[in-house]
Amino acid sequence: MRPLILDAFCGVGGAARGYLLAGFDVVGVDIEPQPDYCGDDFHHADALDFIAEHWRMFDAIHASPPCQASTALTKGTNKGRTYVQLIPETRRLLRATGLPTVMENVQGSDLRRDLTLCGEQFGLGVIRHRYFEVDGFTAVAPTHRPHRGRVRGWRHGVYHDGPYVAVYGDGGGKGSVAEWQAAMGIDWTNDRKSIAEAIPPSYSEYIGQQLMEQIEVKAA
């Protein structure tokens, strides 16, 4: 029987696909309907309420609380807008379960940088740095590789070419949906917003492999 991991604030399932590849069964929960979710099961519910009620069902939990309060865009172009900040409450709930947990968010967020992962570490067509806060098991990040060039697109009226695609927004020479899918390693949805909000499955597969090894050792 495969270990069961909860994918909280799951979105379309970028994290879920990685954990599936690492050998887990995956259940997702999100406050928004996710018709393209790629995990084994999906619950349309408040993620924090679901964790509080159902955590005992799971062997581990991954959580990606909303990141809008922490993004560079919010602190710059969208400065002054108010966004919900769920990281502190998510952290409290995860720790209270006593399970192995992973919390993921963007650069600039209030997460411990236990791991910082980058698309270049996995040969992807995005940079997409993300922080991961890990509790209840040990995870080690691969060596950060130098970026091979710029993110392709327009900056202040000047077009820059480069090996990476900017997977966010609609303007500024952003790539097509097909280019976003290829860059991220996401092929089960063509919804632009869903892809933009996801993490590359390679990230959670890498962490999930380390978590799986430690679960198997503990079980033995």
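Can you confirm whether the range 146-153 contains a residue that is closer than 17 Å to residue 16 by Cα and surrounded by 13 or more Cβ atoms within 10 Å (Cβ to Cβ)?
No - not one qualifying residue is present in the range 146-153.
Name every residue in the range 194-219 that is at pLDDT below 95 and either under 15 Å from residue 135 (Cα atoms) or of a type in the set (D, E, K, R) (or both), in order of residue number.
218
When you look at residue 178, is it of a type in the set (A, V, I, L, M), surrounded by 18 or more Cβ atoms within 10 Å (Cβ to Cβ), outside any strand (DSSP E or B) and at pLDDT 90 or above, yes or no?
No.
For the list (1) of a type outside the set (A, V, I, L, M, F, W, C); (2) surrounded by fewer than 22 Cβ atoms within 10 Å (Cβ to Cβ); (3) farther than 22 Å from residue 96 by Cβ, I need the number of the one condition that residue 53 fails.
The one condition residue 53 does not meet is (3).
With respect to residue 166, is the statement that it is surrounded by 20 or more Cβ atoms within 10 Å (Cβ to Cβ) and either among the acidic types (Asp, Glu) or farther than 21 Å from residue 17 by Cβ (or both) true? Please lay out each step first, then the result.
Working: surrounded by 20 or more Cβ atoms within 10 Å (Cβ to Cβ): yes; either among the acidic types (Asp, Glu) or farther than 21 Å from residue 17 by Cβ (or both): yes.
It is true that residue 166 is surrounded by 20 or more Cβ atoms within 10 Å (Cβ to Cβ) and either among the acidic types (Asp, Glu) or farther than 21 Å from residue 17 by Cβ (or both).
On the given criteria, is residue 81 surrounded by fewer than 17 Cβ atoms within 10 Å (Cβ to Cβ), assigned to a loop (DSSP other than H, G, I, E, B) and modelled with pLDDT of 95 or more?
Numbers: surrounded by fewer than 17 Cβ atoms within 10 Å (Cβ to Cβ): yes; assigned to a loop (DSSP other than H, G, I, E, B): yes; modelled with pLDDT of 95 or more: no.
It is false that residue 81 is surrounded by fewer than 17 Cβ atoms within 10 Å (Cβ to Cβ), assigned to a loop (DSSP other than H, G, I, E, B) and modelled with pLDDT of 95 or more.
Which is within 29 Å of residue 90 (Cβ to Cβ), in contact with a Leu (Cβ under 7 Å, 6 or more places away or on another chain) and not hydroxyl-bearing (Ser, Thr, Tyr), of 132, 122?
Only one candidate qualifies: 132.
If residue 137 passes every condition in (1) closer than 30 Å to residue 50 by Cα; (2) in a helix (DSSP H, G or I); (3) of a type in the set (Phe, Trp, Tyr) but one, which one does it miss?
Checking residue 137 against (1) closer than 30 Å to residue 50 by Cα; (2) in a helix (DSSP H, G or I); (3) of a type in the set (Phe, Trp, Tyr), the one that fails is (2).
If you go through the range 123-130 one residue at a time, do you hit one that is hydrophobic (A, V, I, L, M, F, W, C) and outside any loop (DSSP other than H, G, I, E, B)?
Among the residues of the range 123-130, not one is hydrophobic (A, V, I, L, M, F, W, C) and outside any loop (DSSP other than H, G, I, E, B), which makes the answer no.
The values are calculated or read from the model by the stated rules, or taken from the named source; none is laboratory data. Remember, it's a predicted structure, so these values are computed and weren't measured experimentally. Please note: Cβ atoms are built from the backbone with ideal geometry, for glycine as well, and neighbour counts cover all protein chains shown.
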